[in-house]
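Derivation of every value follows stated rules applied to the coordinates shown; laboratory data play no part. From a predicted model like this one, the values you see are computed outputs, not experimental measurements. When we count neighbours, we look across all protein chains shown, and the Cβ atoms used for this are built from the backbone with ideal geometry, even at glycine.
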Amino acid sequence: MGHAGGRARGAEAGEASATPDAARAAARTPRRPDPAAEPTLEAERRLAAGGHRLVGGCDEVGRGALAGPVSVGLVVVDPLLAAPLPGVRDSKLLSAGQREALAPRIRAWAAAWGVGHASATEIDTLGLVPALRLAGVRAWAAASATARPDIVLLDGNLDWLGRRERTLFDAAASDAAGGIDVPVALRVKADLHCLSVAAASVLAKVERDALMAVYDGEFPGFGWARNKGYGTAAHRHAIAERGPSGHHRVSWRLTAADQAQ
């Protein structure tokens, strides 16, 4: 299942009173990312300078949930033409209202976009990483129908999206087994630093949250409208009392008792 559309300074020097040892220690201390800093298109522009005119930023949501799909967003941009998009950040740093307000702006800003999902059943059948690939290929197909990226910038240090050799175990996921057929550039914390990836995380989160609200109406009692399928104590308790639903990842350890085993 996929949805798509398209459009149209360094650290300051230490004060003179600081000892040399203290200065050297400060220089060795890595600076943590500033969550208040807005992501930019710098990484995307470097890729464009290397010959990749259209760049697809990609991120996933729902990987660690107990219920519901894993969802992948992909936002395609022309980094040499795209303008900044104020307010966009990694979806985890935004409120639900902020994400929902940003989503239509992102769709209008992007050269193309897509969101793909892999269901709980598909996660149980295939495993998490192949299911991520399945959702990613669905997002890729949806976005590519409007504008096909020359490279994909993927959040993290594991390439679960790029091309791979097919195996005998791929028959159940034939549309996703090979991955995508363009280069994949990995960047840790790309969702914090790269605008296209942050935008993709927002679109994926908005769509997945909407699905979980629908599922909450179908299977009330698990609190999915609030917990979005993640493993809160109340959610695990409800599973223990009611049993898993059709949207639970039944191959996972769903209850506190399961975790204790």
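Observations on the structure shown:
- What you get for the stretch 36-220, charging only the Cβ of Lys and Arg (+1) and of Asp and Glu (-1), is a dipole of about 400 debye around the Cα centre.
- Couplings 3J(HN,Hα) of the stretch 123-128, computed from phi: 5, 5, 6, 9, x, 5 Hz, in residue order, whole Hz [Karplus 6.51 cos²θ - 1.76 cosθ + 1.60, θ = phi - 60°; x for Gly and Pro].
- Under 12 Å, Cβ to Cβ, from Asp216 - net charge with Lys/Arg +1 and Asp/Glu -1: 0
- Sorted on the mean count of surrounding Cβ atoms within 10 Å across their residues, most packed first, peptides 137-144, 54-61, 186-193 read 54-61, 137-144, 186-193.
- Whether the stretch 36-220 is rounded, prolate or oblate, judged on the alpha carbon gyration tensor where a/c under 1.5 counts as rounded: oblate
- In order along the stretch 133-142, the Karplus-derived 3J(HN,Hα) couplings, from 6.51 cos²θ - 1.76 cosθ + 1.60 at θ = phi - 60°, round to 4, 4, 4, x, 5, 5, 5, 4, 4, 5 Hz, and Gly and Pro are given as x.
- Near the amide H of Gly162, within less than 5 Å, lie the amide hydrogens of Ile180, all on another chain or at least 5 residues away, with H placed in the peptide plane.
- The residue list Ile180, Pro149, Thr125 was ranked by how far each Cα lies along the charge dipole of the stretch 36-220 toward its positive end, using unit charges on Cβ atoms, and Pro149 comes out on top.
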